[in-house]
1. If you go through segment 17-39 one residue at a time, do you hit one that is closer than 20 Å to residue 96 by Cβ, in contact (Cβ under 8 Å) with a residue 24 or more places away in the chain and within 12 Å of the ligand (Cβ to nearest atom)?
2. Would you point out which residue out of 115, 124 is assigned to a helix (DSSP H, G or I), at negative phi and within 12 Å of the chain's Cα centre (by Cα)?
3. State all residues of segment 68-94 that are surrounded by 18 or more Cβ atoms within 10 Å (Cβ to Cβ), of a type outside the set (A, V, I, L, M) and within 16 Å of the ligand (Cβ to nearest atom); if no residue qualifies, say none.
4. Report whether or not residue 109 is of a type in the set (Gly, Ala, Ser), within 15 Å of the ligand (Cβ to nearest atom), farther than 29 Å from residue 132 by Cβ and more than 12 Å from the chain's Cα centre (by Cα).
5. Do you know which of the residues in segment 112-138 that are in contact with a Leu (Cβ under 8 Å, 6 or more places away or on another chain) and touching a residue at least 60 places away in the same chain (Cβ under 8 Å) is farthest from the ligand (Cβ to nearest atom)?
6. Based on what the data block shows, is residue 100 assigned to a loop (DSSP other than H, G, I, E, B), more than 16 Å from the ligand (Cβ to nearest atom), open to solvent by 50 Å² or more (accessible area, probe 1.4 Å) and modelled with pLDDT of 95 or more?
7. Could you go through segment 1-9 and let me know if any residue there is in contact with a strand residue (DSSP E or B) (Cβ under 6 Å, 6 or more places away or on another chain), open to solvent by 60 Å² or more (accessible area, probe 1.4 Å) and more than 18 Å from residue 124 (Cβ to Cβ).
8. Being away from the ligand (no atom under 16 Å from the Cβ) and in contact (Cβ under 8 Å) with a residue 24 or more places away in the chain is true for just one of 6, 61. Which residue is that?
Amino acid sequence: MKKIYIGCDHAGFELKEKIKEFLTKKNLSFEDLGNTEYDEKDDYPDYAFPVAKRVAKENAIGILFCGSGLGMCIAANRIKGVRAVAINNLKDSESSRNEDYANILCLGGRTLGFWKAKRILNKWLETPYSKEARHKRRVKKIR
Ligand code: RB5
């Protein structure tokens, strides 16, 4: 399992804390790059970029949390080598890994409950990248 980096803003903070407990129960190690405390004035790019940079540099994976998952996703994708996705259903969670080789999962603290976020994350973590040439060719074109 690759190293997992996580990050959040205020709107994703509560969900991130619950997912941290979940990862710990699953014996998965992770590093929290903040925000490590609730601050209603914080801004998601300040947490998206550190996670995205470590993911790209270390060939790791990341989980980012904001209100919708969308701002984090937009910011993270500015970093070369990052393939961030904002997901709210199981089917997309699976295909984002299997077909698109996503390396950062963005989740919305205001749009997903813990139960749904947990199921999406499980699916994302357990789905391997496809061995099919057409998917590899497409990801290579993005690179
Ligand atoms: C913060 O209020 C909110 O805008 C942010 O968490 C995120 O949802 C942006 O996409």
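1. No, segment 17-39 has no match at all.
2. On the way: 115 fails: within 12 Å of the chain's Cα centre (by Cα).
Going through 115, 124 in turn, just one is assigned to a helix (DSSP H, G or I), at negative phi and within 12 Å of the chain's Cα centre (by Cα): 124.
3. 68, 69, 71, 73
4. So residue 109 passes the test.
5. 125
6. On the way: assigned to a loop (DSSP other than H, G, I, E, B): yes; more than 16 Å from the ligand (Cβ to nearest atom): yes; open to solvent by 50 Å² or more (accessible area, probe 1.4 Å): yes; modelled with pLDDT of 95 or more: yes.
So residue 100 fits the description; yes.
7. So the first thing to find is which residues in segment 1-9 are in contact with a strand residue (DSSP E or B) (Cβ under 6 Å, 6 or more places away or on another chain), and the list is 2, 4-9.
Filter once more, keeping what is open to solvent by 60 Å² or more (accessible area, probe 1.4 Å): 2.
From the residues that got through so far, the ones that are more than 18 Å from residue 124 (Cβ to Cβ) too are none.
No, segment 1-9 contains no residue that is in contact with a strand residue (DSSP E or B) (Cβ under 6 Å, 6 or more places away or on another chain), open to solvent by 60 Å² or more (accessible area, probe 1.4 Å) and more than 18 Å from residue 124 (Cβ to Cβ).
8. Values: 6 fails: away from the ligand (no atom under 16 Å from the Cβ).
Unique residue meeting the criteria: 61.
The values are calculated or read from the model by the stated rules, or taken from the named source; none is laboratory data. Fair warning: this is a prediction, and the values are worked out from it, not measured in the lab. So basically every Cβ, Gly included, is an ideal-geometry build from the backbone, and we count neighbours across all protein chains shown. Remember, those area values only see protein heavy atoms, side chains included, never the ligands or the DNA or RNA. Shrake-Rupley method; radii C 1.70, N 1.55, O 1.52, S 1.80 Å.
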